[in-house]
Amino acid sequence: MLGRRYDDQVCSAARALEVVGERWTLLIMRDVLLGVVRFDGLLASLGIARNVLSDRLSGLVEHGVLERVAYRQHPPRYEYRPTAAGRELAVVVVALMQWGDRNVPSPDGPPRTALHTPCEGELVACLMCPDCGEPARPGEVATRSNRA
């Protein structure tokens, strides 16, 4: 059984979960990626306890996923903007959203659709092979150990 930490796991996914695996973290990132970047906005959007939000934001800043940027001096107020690493989480958030739409759907249909802003086309999260250019279908994904 996994404990609260994954330090003894030799696994990239486990290391990533140390940063984004807590239940609120990807929801915080979802909102930040949608443009909700101020503490009070996140608090209102998520319905999360102040101390939990503060703790999760601090962890995301500490891990380089968000940066804290002052927008007012007196009193000090900050925005939480995604770094390059944080923007990469859009792939994870969209993939999780689309997985949820397919496997635990809302009776009212998907609440949100991911769009490609230049053309407004619907995005589809998928694994793409850089060698042949084809998307991998379920059952066509394997891994190999890079350890000797």
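Conditions: (1) over 16 Å from R77 (Cβ atoms); (2) in contact (Cβ under 8 Å) with a residue 40 or more places away in the chain; (3) of a type in the set (K, R). R38 meets all but one. Number of the miss? Unmet for R38, out of (1) over 16 Å from R77 (Cβ atoms); (2) in contact (Cβ under 8 Å) with a residue 40 or more places away in the chain; (3) of a type in the set (K, R): (1). The set of residues in segment 21-50 being open to solvent by 30 Å² or more (accessible area, probe 1.4 Å) and among the polar types (S, T, N, Q) consists of S45 alone. Can you report the number of residues in segment 100-115 which are closer than 26 Å to V141 by Cα and surrounded by fewer than 10 Cβ atoms within 10 Å (Cβ to Cβ)? Counting residues in segment 100-115 that are closer than 26 Å to V141 by Cα and surrounded by fewer than 10 Cβ atoms within 10 Å (Cβ to Cβ) gives 3. Among the residues of segment 119-138, is any out of contact with any helix residue (DSSP H, G or I) (no Cβ under 9 Å at 6 or more places or on another chain), open to solvent by 80 Å² or more (accessible area, probe 1.4 Å) and either outside any loop (DSSP other than H, G, I, E, B) or aromatic (F, W, Y) (or both)? Within segment 119-138, one or more residues are out of contact with any helix residue (DSSP H, G or I) (no Cβ under 9 Å at 6 or more places or on another chain), open to solvent by 80 Å² or more (accessible area, probe 1.4 Å) and either outside any loop (DSSP other than H, G, I, E, B) or aromatic (F, W, Y) (or both). Checking the stated criteria, A148 turns out not to satisfy the condition of being surrounded by fewer than 13 Cβ atoms within 10 Å (Cβ to Cβ), over 14 Å from the mean Cα position of the chain (by Cα) and not in a loop (DSSP other than H, G, I, E, B).
Of E62, E67, E18, all but one fail to be surrounded by fewer than 16 Cβ atoms within 10 Å (Cβ to Cβ), under 29 Å from H116 (Cβ atoms) and of a type in the set (D, E); the exception is E67. L53 meets each of the listed conditions (1) open to solvent by less than 40 Å² (accessible area, probe 1.4 Å); (2) at pLDDT below 95 apart from (2). Here N103 meets each of (1) in contact (Cβ under 8 Å) with a residue 12 or more places away in the chain; (2) over 14 Å from the mean Cα position of the chain (by Cα) with one exception, condition (1).
The values are calculated or read from the model by the stated rules, or taken from the named source; none is laboratory data. The model shown is predicted, which means the values in this text are computed figures rather than measured ones. Here Cβ is always computed from backbone atoms with ideal geometry, including for glycine, and neighbour counts include all displayed protein chains. Each accessible area value is taken on the protein alone, full model and side chains, heavy atoms only, with ligands, DNA and RNA left out. Shrake-Rupley method; radii C 1.70, N 1.55, O 1.52, S 1.80 Å.
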